[in-house]
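Step one of this worksheet: look at the structure below.
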Amino acid sequence: MPKRSGGSLPEYRIFETEEFLKKLKKLQVRDSRLIRRKLDEYIYPQLRQEPFFGPNIKKLRGYSPETWRYRIGQFRLFYGIDEEEDIVSILTVDLRRDAY
């Protein structure tokens with residue numbers, strides 16, 4: 001996994017793609033509220049600090065560009081990381097059964 005050089009680690013910025021926002025709108029209201037709450041309270045703060053490691057984070061194999069997934073119950077959030085710009089791009093969210 002990548003290691004960041006230097007003293008203090010800068011925070012990553014979060015970018016939500018149009019694809020992600022469309023998928024979120026298509027979900028049931030109950031599910032989209034749950035996901036939005038989890039994103040704001042837990043997931044985005046974690047991804048800003050350390051997007052590579054965590055109990056619900058896994059790097060996907062065979063994806064180009066490199067893609068990670070974050071498990072949110074029955075949903076999967078997929079994202080990419082731009083280390084040079086310190087940006088985490090939220091690509092999409094989907095039910096686990098439809099995600100892979």
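Can you pull out the residues in the range 89-100 that are over 17 Å from E18 (Cα atoms) and either outside any strand (DSSP E or B) or touching a residue at least 60 places away in the same chain (Cβ under 8 Å) (or both)?
R96, R97, D98, A99, Y100
Which one of these does E41 not meet: (1) exposed (fewer than 12 other Cβ atoms within 10 Å of the Cβ); (2) acidic (D, E); (3) more than 12 Å from I72 (Cβ to Cβ)?
Of the numbered conditions (1) exposed (fewer than 12 other Cβ atoms within 10 Å of the Cβ); (2) acidic (D, E); (3) more than 12 Å from I72 (Cβ to Cβ), the odd one out for E41 is (3).
For the subset of the range 45-77 comprising residues that are closer than 20 Å to D31 by Cβ and in contact with an Asp or Glu (Cβ under 8 Å, 6 or more places away or on another chain), which member is most open to solvent (accessible area, probe 1.4 Å)?
R76
Say we look at the range 89-100 and pick out the residues that are more than 16 Å from L39 (Cα to Cα) and either surrounded by 12 or more Cβ atoms within 10 Å (Cβ to Cβ) or in contact with a Ser or Thr (Cβ under 8 Å, 6 or more places away or on another chain) (or both); which of these is modelled with the lowest pLDDT?
In this case the residue turns out to be A99.
Answer yes if at least one residue in the range 79-88 is part of a loop (DSSP other than H, G, I, E, B), open to solvent by less than 60 Å² (accessible area, probe 1.4 Å) and touching a residue at least 40 places away in the same chain (Cβ under 8 Å), and no otherwise.
Yes, that holds for at least one residue.
I'm trying to understand the selection: among the residues of the range 11-30, which are out of contact with any strand residue (DSSP E or B) (no Cβ under 7 Å at 6 or more places or on another chain), part of a helix (DSSP H, G or I) and among the acidic types (D, E)?
Result: E18, single match.
Only residues in the range 27-49 that are in contact (Cβ under 8 Å) with a residue 40 or more places away in the chain count as the first member; pair them with residues that are polar (S, T, N, Q) and open to solvent by 60 Å² or more (accessible area, probe 1.4 Å), Cβ under 9 angstrom, at least 6 apart or cross-chain, and list the lot.
Qualifying pairs under 9 Å: D31/Q74.
Residue check: is R69 out of contact with any Phe, Trp or Tyr (no Cβ under 8 Å at 6 or more places or on another chain) and not in a loop (DSSP other than H, G, I, E, B)?
When the stated conditions are applied, R69 does not pass them.
The values are calculated or read from the model by the stated rules, or taken from the named source; none is laboratory data. Everything quoted here is computed from the prediction, not taken from an experiment. When we count neighbours, we look across all protein chains shown, and the Cβ atoms used for this are built from the backbone with ideal geometry, even at glycine. What goes into the accessible areas is simple: the full protein's heavy atoms, side chains included, and nothing from ligands, DNA or RNA. Shrake-Rupley method; radii C 1.70, N 1.55, O 1.52, S 1.80 Å.
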